[in-house]
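One structure is given here, and the rest of the page talks about it.
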Amino acid sequence: MSDRRVRVRFAPSPTGPLHMGGVRTALYNYLFAKKLGGDFLLRIEDTDQTRFVPGAEQYIVDALAWCGISPDEGIGVNGQIADHGPHAPYRQSDRKPLYRAFADQLLAAGHAYYAFDTPEELEAVRERSKSAGNPNWQYNSITRTSMKNSLTLPEDEVARRLDAGDAYVIRVKMPRNEEVKFEDRIRGWVSVNTLNLDDKVLLKGDGMPTYHLANVVDDHLMEITHVIRGEEWLPSAPLHVLLYRFFGWEQPEFAHLPLLLRPDGNGKLSKRDGDRLGFPVFPLNWANAETGETASGYRERGFYPEGFVNMLAFLGWNPGTNQEIFSLDELIEAFSIDKVHKAGARFDFEKAKWFNQQHLRQRSPEVLAAEYQAGVAAAFGAAVDTDFAAKALTLFLDRSEFISDAVHAAPYLFAKPAEYDSVMVGKKWTSESAGHLRSLVPLWAASNYSEPALEEAFKAFLTETGLGFGAVGPVVRLAVAGTTQGPSIFGVMELLGRSECEARIEKAIATLG
RNA sequence: GGCCCGUUCGUCUAGCGGUUCAGGACAUCUCCCUUUCACGGAGAAGAUCACGGGUUCAAAUCCCGUACGGGUCACCA
């Protein structure tokens, strides 16, 4: 497989929104392919018709598009829900007719067999086994001899049942005692004895393949060279290796990614963690049609795709240098599957925010100004011009992790303070405060109301009166902004303009005395 | 429980037999800057490299065992 064109795939099941772990798997696949000049495909594995969730497929496509992880082939090319490429269709439910022949091939070669046991019978056997002290009964090389299948039933009865249309599944016939080995790109040699593997169902009663069959068949047909997926697939990898062998196909290279762990306690990060832990687990908002609840997404939380992707890339991978801030293109350049960590990575939202902050600062002033304008319009229904936005950003960007921080840090830029910080009023507002402000108003009015001029006039006033900055500065802040925190109050005053500032000062004096 | 995988500062990690009594980042703390809050700068603290045995002149790095953690055991993916 060394000189084959690199082709990888991300193959999610549309049973709900894609969570961040899934996005990271897609990202690593994408980075790997692009780094090597190969193809990245998106295939939809919807063989379980009972778990179909409306909108999930659209969500997956939208989420990847937002992240900039664009498929070259399959579903979702150019963000469209449509098949695109020489191996169409790329949705397994649409490929249903094609799997049967492969199951038959295994049947003919003696690597698979028909099994007529009903789900109820299997359930009963498991129950019996459990009460006998064996908690997990398996359909395997030993137990299959006492089940109803084409290995135990007389040939004519099997033919009769098949003719009669009896329900059946096709199971893999697991070899009795064989060591299955494969070299995982991340974990090295992994070895399992078939004694511990069971006769997995390959083709279900409804004619649909299970993941195992569909995955192996499609990866082969679609000429996938590297299977990069989550560690939860490691236990079934030996089965897949065996299937490639049974079919006589070249086996792709495997790379099983470490899991994303919950920041608290134990276990892997799951969809059900939702917002319970105080951060989104999904790339985009997801409105659950059944519960009516909306799970929050990174996009809506204010993250830039660049920050989100950068953060995800570093959960389990590291370039080996001290550089941490990367664009998608830089990630492609730096990525190496061999540098992926083996152990699970515990997610830390604080660091995630830091990544976004770094990307926030890398954006151009023009783009930021436009985003700020949009944010202000959405939050306060106020329209501000580009100059205002640019000036506001020089004041507020430093203290922001998200552009929304800059927007929400100063509602007082868009409305007079509704109230004044009572603690600071108590500390700083004295019987003399109103007088100081009244003295300042004409001094400022005589200036051009620019930040430096306002500050200069203020300082001159202090010098003249012998007052300290701490005695009057906070008072000005309270009057103009209602709070004593924030950037230079003179910058804020410049933004607000003279008449607004004077009105606010009057209002404060009227309110606070 | 069986099988498989993993284990370096609180967290993400660098490290691939000697140049490391372990480097960076987030978080924490201190100081400077700023008469606010942040940003920024400087610094501190924080890991006997899970533990125990080996191998070797030399081990975080190789091997074995133990412990702990995780994953997986469906006609789900």
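Readers should treat all values here as calculations from the given coordinates under stated rules, not as data from a laboratory. What you see is a predicted model; the values in this text were computed from it and never measured. Cβ sites come from the backbone with ideal geometry, for glycine too, and all protein chains shown count toward neighbours.
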Calculate the all-directions average of the projected area of chain A's alpha-carbon convex hull, and give it in nm². 31.4
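Mind ranking A:333-345, A:211-223, A:457-469 by how tightly packed they are, going by the mean number of other C-beta atoms within 10 angstrom, highest first?
Averaged packing, sorted descending, gives the order A:211-223, A:333-345, A:457-469.
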Taking A:Lys351 as the anchor, which lysines have their alpha carbon closer than 23 Å to its alpha carbon, excluding any fewer than eight residues away along the same chain? A:Lys268, A:Lys271, A:Lys339, A:Lys342
For segment A:157-277, share of DSSP beta bridges that run antiparallel, in % to the nearest 5: 60
A:Asn285 versus A:Phe469: modelled label distance in nm, points set 7 Å from Cα along the beta carbon direction: 4.3
Helix A:433-445 versus the longest principal axis of chain A: what is the Cα-based angle in degrees, 0 to 90, to the nearest 10? 90
Taking chain A as the reference, fit the longest principal axis to its C-alpha atoms, fit the long axis of helix A:56-67 to the helix C-alpha atoms, and give the angle between the two in degrees, 0 to 90, nearest 10. 50
Taking Cα atoms only, Rg over Rh for segment A:96-212 with Rh from the Kirkwood formula is 1.00
Mean Cβ neighbour count within 10 Å, used as a protection proxy, ranking A:135-147, A:302-314, A:19-31, A:160-172 highest first: A:19-31, A:302-314, A:160-172, A:135-147
In percent, how large is the relative contact order of chain A, given Cα pairs closer than 8 Å and 6 or more residues apart? 11
Among A:Pro209, A:Asn134, A:Asn288, the residue whose Cα sits farthest towards the positive end of the charge dipole of chain A, when +1 is placed on the Cβ of each Lys and Arg and -1 on the Cβ of each Asp and Glu, is A:Asn134
Under a crude label model (7 Å from the Cα following the beta-carbon direction), how far is A:Ser447 from A:Glu506 in nanometres? 2.1
Dipole moment magnitude, nearest 20 debye, segment A:283-427 about Cα centre, only Lys, Arg, Asp, Glu C-beta charged: 340
Over all viewing directions the Cα convex hull of segment A:286-360 casts an average projected area in nm² of 6.4
Rounding to the nearest 10 and keeping the result within 0 to 90°, find how far the Cα-based axis of helix A:469-481 lies from the longest principal axis of chain A. 60
Can you return the aspartates and glutamates within cross-link range of A:Lys181? Criterion is Cα-Cα under 17 Å, with same-chain partners fewer than 8 residues away left out. A:Asp198, A:Glu231, A:Glu250, A:Glu253
If I stretch the segment between A:Ala343 and A:Ile325 completely, what's the gain in nm (0.36 nm per residue apart, minus their alpha carbon distance), one decimal? 4.2 nm
25 °C / 0.890 mPa s Stokes-Einstein diffusion coefficient of segment A:422-512, Kirkwood radius on C-alpha pairs, µm²/s: 191
